[in-house]
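Just below is one structure, and these are the notes that go with it.
Where a number appears in this text, it was derived from the coordinates with a stated rule and is not lab data. Remember, it's a predicted structure, so these values are computed and weren't measured experimentally. Cβ placement follows ideal geometry from the backbone for every residue including glycine, while neighbour counts extend to all protein chains displayed.
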Amino acid sequence: MPRCNAIPTYTDWPAALNGQPLYITGAEIMPSSTFVIDVIAQGCDTGLSANFSLPITITTARWGDVVEPFQQPSPAPLTQPNVADIAAVVDKFKAVPTAPIVARCDLQPNVPDFQVNIADVAGTVDAFKNLAYPFPGPSACP
């Protein structure tokens, strides 16, 4: 997998998040992908690999796979997304209190707008129909 040496973001993440999850969004965050994140203390030489933490591997869900059970990695048979995913996004669109969080249901556009609307419902239906992810891949690393 290609490695992108992005400009580090220095933050005391535990303090900033106060126990809450961190959601990372952007055009470069693609469904069905694996990302590796390293941690380094501010002021350390980013050119020295010994200064980095052990890498953390994060995988993203399949396009349109919003609620459990999530699609298992290949070579598992394709089972997701299904009608439960469509129903979940419709529930979020209707502001049902038990619906999944916006971060899971905001599928359109590829740079999230932090809203769930009919385009997100349509995107989930397209994913259910096994249509391809409609957005271009990530740009070159900075």
Item to complete: Could you grab the relative contact order for the range 64-129? Cα pairs under 8 Å, six or more apart, rounded to a whole percent.
Response: 35
Discussion item. Test of understanding: ordering I56, I29, I86 by Cβ neighbours within 10 Å, fewest first, what list do you get?
Written reply: I56, I29, I86
Item to complete: Would you work out which of L48, A61, L22 lies farthest towards the positive end of the dipole of the range 1-125, given +1 charges on the beta-carbon of Lys and Arg and -1 on that of Asp and Glu, about the Cα centre?
Response: A61
Discussion item. Given contacts defined as C-alpha pairs under 8 Å and at least six residues apart, what's the relative contact order of the chain, whole-number percent?
Written reply: 24
Item to complete: Order these peptides, 126-132, 10-16, by their mean beta-carbon neighbour count within 10 angstrom, highest first.
Response: 126-132, 10-16
Discussion item. Viscosity 1.002 mPa s, temperature 20 °C: what is the translational diffusion coefficient of the range 1-60 from Stokes-Einstein with a Kirkwood Rh over Cα pairs, rounded to a whole number of µm²/s?
Written reply: 161
Discussion item. Pairs of alpha-carbon atoms within less than 8 angstrom and 6+ residues apart define the contacts here; what relative contact order does the range 1-84 have, in percent?
Written reply: 21
Fill in: Mean Cβ count within 10 Å, highest first, over the residues of peptides 110-120, 34-44, 63-73
63-73, 110-120, 34-44
